[in-house]
Amino acid sequence: MDITRRKFLELSAKMAAMMGLGTTAIPKIAEALEQLSAVNAPVLWLQGQSCSGCSVSLLNSEEPGPAQILSGYISLLFHSTISASTGDVSMQVLNRSIDHGGYLLVVEGSVPEGMPEACVVGGELFTEQVLRAAKNAKAIIAVGTCAAFGGIPAAENNPTGAMSVPDFLKKNGVSKPLILLPGCPAHPDWIVGTLVHLLKFGIPQLDKKGRPKMFFSRLIHDQCPRFADYERENFAKTFSEDGCLFMLGCLGPVTHADCTLRLWNSGTNSCIKAGAPCIGCTSENFAASASFPFYRKATLSKKTGA
Amino acid sequence: MSITVNIDPLTRIEGHLAIRIEVESNRVVNAFSSGEMFRGFEAILKGRDPLDAQQITQRICGVCPISHGTASILAQEIAYGVIPPKNGRLLRNLILGANFIQSHILHFYHLAALDFVDIAAITKYKGKDPVLRDLKAWVQSELSSNVIYPATPFLPRYSGEYIQSTELNIQGIKHYLDALDMRRLAHKMCAVFGGKLPHATTLLPGGVTEKVTARKIASLKSIIKELQAFIDNSYLSDVAEVALDFPEYFRIGKGCGNFLAYGVFPESADNSKKLFSSGVVIGEKLMAFDSTKITEDVRHSLFSSRSGLQPSEGQTVPSPHKKGAYSWIKAPRYNATVMEVGPLARIMVDYLKGKNRKVKDLVNGLLARLGKKPEDLVSTLGRHAARAIESKIVADKCAEWVEQLTPGQPVFRDFTIPETGRGMGLTEAPRGALGHWLEIRDYKISHYQCVVPTTWNCSPRDDRGNPGPVEQALTGTPIVDIKNPIEATRVVRSFDPCIACAVH
C-alpha cells in the first residue's frame, strides 16, 4: 500500500469512526450540532480517585475546542478543575443540580469502596456523593480506565478497595444507562464523540462491556502501522528499533481502541507509531496484576543472567 | 474570638483539597490544609517489574506525568547504570520543557486568573472578534434563561473585588481562550516525541523510543516559536497587569520564606550541569542541597507508619481514622525545616546564586517595571511572576535544544535490569522539587517512595507542630467577607496545588 492511499484510508476511517456513522451522514451531524447549541445539555462531572488526566485530555479536544464545547454543546454545571465556583458556592451548585436532576453524569476516577475516607469532596464521602448524583442522572459516562474498569487505583495490592463505577453502582443497586470510555487517559474524541452522539442520537451502539463500538470494536493490532513487520516476523529486539514491538511486550494484539488510526494530540502521534509498545491502557485488566509487566525487558535480563 | 471558615472543595487546582481557616478581626490567624484523596501508589508498585514504574507513576498526575516519568527513570538509571545518549537527553528536556509550559499556561489562565479577571465583563464587549462575540451571545442567553445556574462553569463564583477595567477584563478573557489553544499546542509538542499526552509511553530508562528526523525537528521549531510569542506577548504582560491591579498581593501570602530546589533540565551527560540548579534557601541564606536531610513526618497525616523517616526507608500505611490527623498528605521537611518548592523556589535559588544571567535579568526587569524589590517576590504575586519568567526561560531554551538534535543518531541506550539495586531520582515538576526512591530485589520493586512538590507545599503540621508552607502563607491574609474568602483562595492557588500528586 503506498503512502497516499494509506493516508486516505486513515482519514476516511477517522471521520467515519468519529461520527459512528457512514460519511454520508456528516452534513446531517453538522446540522444537528448547530441545533444543539440552542439548548445545552446539563453535564455534571465528578472526580473520584483520579489524576485529572482525562479532564486534561478533554482540554486537548480540537474542533470543537473546549471553549466551544462549554458554550455551544453542554452546560457544565460543575467540574472541580474548571469551575469558577469554589467552597460553599461549589457545593450549592452541586447539591441543587443533583436535586434538580436530569443531567448527564460523568465520573472520572475509581471509587474507594473498601476505604470510603480515601476520597472526600466538600465534607461528603465520594462513595455517597457518586450514588446521590447517579440516582438523579439521565445517563452516566465512566470516563477513563479508573472509572470504567478500576484502573491503577484498583490494581493488585491497592490499599483502598478501589472499584470501577459500574461495579460500585451495581453493588449499590443503582441501574442507569451507562457508557464506559476506558483509556489512560480517554482520547478527547472518544469523550466528545460520545457526548454528541448521546445528546443528539441517544446512546451509541455499545459492546458487551458497555464501550461505544465506534471507538473500541477493533484491536490495535489489526490497525497497527507495524503490522507488516509482524507478518514478516521482523521484530524489534530492543527499544527504538524498527519492527514489530511484540517481543518487547506490546499489548496491541489484545487491546481494543483506535489510537493508531485516530492518533493523539491533534493527530500528531500514537504510542506504537512513536516506537513505544502498547501497554493496553484501555483494557479491563490494565495494570491489574503485579506479576504481568508492561514490558518483557526484566524477563530478558533475567534469562541472560545480567 | 475566631470564626472558622471552610473552603471545601478548593476548586481550580488539581484534585481534592480542603482548606480551613480561622478568621479573627478579618484576618486569618490559623490555617489547615487537608489532602482528601488517597490511592496508595507506593503499595501498588511493590512487587512489580521496575520498568513498570515510569508508566505507573506517570498516572499519579495527569497534569505533570512527564515529571513523574522522569523521576522514575532517573532512579532506574542509577540502579541500572545506564545514561542516555545526547539525543535522548535532549528529547527528554524538550518533552519535559513542553509540559512545563503547558502546565504553567493552564495554571495562570485557567485555574488562577478567574480570581482576578471579571468574566461577566464579556457582556460589555463591543468589538468584532467572532469568538468573543459568540461567548458574549452565549453568556447573555444563559443570563436571560430560566436555568438555575446560568453560564456554568464560569458563574457563580465568590463575590469580591475583580479587575475593574472592562478593557483589561476583555483582554483577560481573550487570553483565557487563546491560552486553551496554547496549552493544547504545548501538549502537541510533547507528543511529537512523547507519543501521546497525558501519560507519554516513549519515556524509558536509557532514553526515548521515538527517533529524531528533520521533519520532527521542523515541527518542534514551529511550535516553539508560537509558544514563545504567546509567553512574550501575552503571559508575561498579563501577569504584570494583574500585579499592577492587585499590588497588595506582593505582601499577602508570603509563607515560610524557605526554598528548596533539586534542579532540572540536565545539560551534560552526567547530570551535573542543569538549566535550573539545585539549592536550599533558609532565611535568605543560600546553601548546598543534601538529599539525606529529607524526612517525612506523619503525626498529623492519616498514616500509622513511623514518622520522620528518610524516603529511602519511608513507609505509607494508611490509617483513615487516626486521631489528631487531618490530611492524607505527609509533612516532608528538610533538616526539620518547612520548605516551599516550585517555580519561585527555582528562581530564588538561581537568583541568589547569580550565575544564571537570564534569571537575573528577567527578574530585575520585571521588578523594575513594577517598582518592586527582590524580597517582594516572596508573595502570592511573586509565585505567578516566577512561573511566567520560568516559562520564558524554558521556551527559549527549548529553541536551543531542538537545534542540537541530530537525525540518525541514537535516542536510546540499552541496559539490563539487575537482580538488586537502588536509585534516587531527583528532578523538578512544574510545581516544584520531585523525588522518587526505588529499591529492587529479585528483579522486582521492593521499595518505592515518592516525595512530591505539593507534598511539601500543602503539607499539614509536622511532628513539632510547625504548619506547612500553604498554612503559613494563609496566616495573616485579610478576609473582607467570610462568606466570600476570595483572598484565601488567591493565596492557595498561587502555589498551583496538585493533590493527586501530593498524596499519590
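Within region B:162-173, can one find any residue that is facing chain A (nearest Cβ under 8 Å) and either buried (at least 16 other Cβ atoms within 10 Å of the Cβ) or not small (Gly, Ala, Ser) (or both)? Walk me through it before giving the result.
Within region B:162-173, the subset facing chain A (nearest Cβ under 8 Å) is none.
Scanning region B:162-173, I find no residue that is facing chain A (nearest Cβ under 8 Å) and either buried (at least 16 other Cβ atoms within 10 Å of the Cβ) or not small (Gly, Ala, Ser) (or both), so the answer is no.
Working only within region A:248-267, note down all residues that are facing chain B (nearest Cβ under 9 Å), crowded, with 22+ Cβ neighbours inside 10 Å and either without any contact (Cβ under 8 Å) to a residue 40 or more places away in the chain or part of a loop (DSSP other than H, G, I, E, B) (or both).
Passing the criteria: only A:Asn265.
Take region B:8-55 and flag every residue that is surrounded by 24 or more Cβ atoms within 10 Å (Cβ to Cβ), of a type in the set (A, V, I, L, M) and within 7 Å of chain A (Cβ to nearest Cβ).
B:Leu10, B:Met37, B:Ile44, B:Leu51
Scan region B:20-42 residue by residue and report those that are under 24 Å from the mean Cα position of the chain (by Cα) and over 23 Å from A:Ser55 (Cα atoms).
Of all residues in region B:20-42, those under 24 Å from the mean Cα position of the chain (by Cα) come to B:20-21, B:31-42.
Those that are under 24 Å from the mean Cα position of the chain (by Cα) and over 23 Å from A:Ser55 (Cα atoms): B:Arg20, B:Ile21, B:Ala31, B:Phe32, B:Ser33, B:Glu42.
Give the residue that is farthest from B:Glu419 (Cα to Cα), with candidates limited to residues of region B:56-76 that are in contact (Cβ under 8 Å) with a residue 60 or more places away in the chain and within 9 Å of chain A (Cβ to nearest Cβ). Lay out the reasoning, then the answer.
Of region B:56-76, the ones in contact (Cβ under 8 Å) with a residue 60 or more places away in the chain are B:57-76.
After this cut, where a residue has to be within 9 Å of chain A (Cβ to nearest Cβ) as well, the list is B:58-63, B:65.
Numbers: B:Gln58: 24, B:Arg59: 26, B:Ile60: 26, B:Cys61: 29, B:Gly62: 31, B:Val63: 33, B:Pro65: 27 Å.
So, considering only residues that are in contact (Cβ under 8 Å) with a residue 60 or more places away in the chain and within 9 Å of chain A (Cβ to nearest Cβ), the one farthest from B:Glu419 (Cα to Cα) is B:Val63.
Can you confirm whether A:Glu117 is of a type in the set (Asp, Glu) and either more than 20 Å from B:His321 (Cβ to Cβ) or more than 8 Å from chain B (Cβ to nearest Cβ) (or both)? Even if it seems obvious, please write down each step before you answer.
Numbers: of a type in the set (Asp, Glu): yes; either more than 20 Å from B:His321 (Cβ to Cβ) or more than 8 Å from chain B (Cβ to nearest Cβ) (or both): no.
Judged against the criteria, A:Glu117 is not a match.
Could you check how many residues of region B:316-338 are within 14 Å of chain A (Cβ to nearest Cβ), in contact (Cβ under 8 Å) with a residue 60 or more places away in the chain and touching a Phe, Trp or Tyr at 6+ places or on another chain (Cβ under 7 Å)?
So the answer is 4.
Residues of region B:141-165 being touching a helix residue (DSSP H, G or I) at 6+ places or on another chain (Cβ under 8 Å) and β-branched (Val, Ile, Thr), which ones?
B:Ile148, B:Thr152, B:Ile163
Only residues that are charged (D, E, K, R) and within 21 Å of B:Arg183 (Cα to Cα): list them for region B:198-229, please.
At the first step, the residues of region B:198-229 found to be charged (D, E, K, R) are B:210-211, B:215-216, B:221, B:225-226.
B:Lys216, B:Lys221, B:Lys225, B:Glu226, listed by residue number.
Exactly one condition in (1) within 13 Å of chain A (Cβ to nearest Cβ); (2) touching a strand residue (DSSP E or B) at 6+ places or on another chain (Cβ under 6 Å) is not met by B:Ala261; state its number.
Answer for B:Ala261: the failing condition is (1).
Restrict the check to region B:444-451 and report whether at least one residue is within 17 Å of B:Ser72 (Cα to Cα) and assigned to a loop (DSSP other than H, G, I, E, B). If you could, list the steps in order and put the result at the bottom.
Step one: filter region B:444-451 for residues within 17 Å of B:Ser72 (Cα to Cα), giving B:444-451.
Subsequent filtering for residues that are assigned to a loop (DSSP other than H, G, I, E, B) retains none.
Checking region B:444-451: not a single residue is within 17 Å of B:Ser72 (Cα to Cα) and assigned to a loop (DSSP other than H, G, I, E, B).
Considering only region A:137-218, give the helices (runs of 4 or more DSSP H) lying wholly within it that have at least 3 residues that are over 22 Å from B:Met37 (Cβ atoms). Write out each step before concluding.
Values: elements: A:144-149, A:165-171, A:188-201, A:213-216.
It comes to A:188-201, A:213-216.
For region B:194-223, give me the residue count where each residue is outside any loop (DSSP other than H, G, I, E, B), of a type in the set (A, V, I, L, M, F, W, C) and more than 7 Å from every other protein chain (Cβ to nearest Cβ). Spell out the reasoning first.
Initial filter on region B:194-223 (outside any loop (DSSP other than H, G, I, E, B)): B:194, B:203-204, B:207-208, B:214-223.
Okay, now just the ones that are also of a type in the set (A, V, I, L, M, F, W, C), so B:203-204, B:208, B:214, B:217-218, B:220, B:223.
Now drop any that are not more than 7 Å from every other protein chain (Cβ to nearest Cβ), which leaves B:203, B:208, B:214, B:217-218, B:220, B:223.
Of the residues in that region, 7 qualify.
How many residues are buried (at least 21 other Cβ atoms within 10 Å of the Cβ), part of a loop (DSSP other than H, G, I, E, B) and touching an Asp or Glu at 6+ places or on another chain (Cβ under 6 Å) when one looks only at region B:263-296?
Of the residues in region B:263-296, 0 are buried (at least 21 other Cβ atoms within 10 Å of the Cβ), part of a loop (DSSP other than H, G, I, E, B) and touching an Asp or Glu at 6+ places or on another chain (Cβ under 6 Å).
Tell me whether region B:271-281 contains one or more residues that are free of Cβ contacts under 8 Å to residues at least 40 places away in the same chain and either touching a Cys at 6+ places or on another chain (Cβ under 9 Å) or within 13 Å of chain A (Cβ to nearest Cβ) (or both).
no
FYI, it's all coordinate maths here, none of it is from the lab. Small disclaimer: the values here were computed from a predicted structure and weren't measured. Glycine gets a Cβ as well: all are built from the backbone with ideal geometry, and neighbour counts include every protein chain shown.
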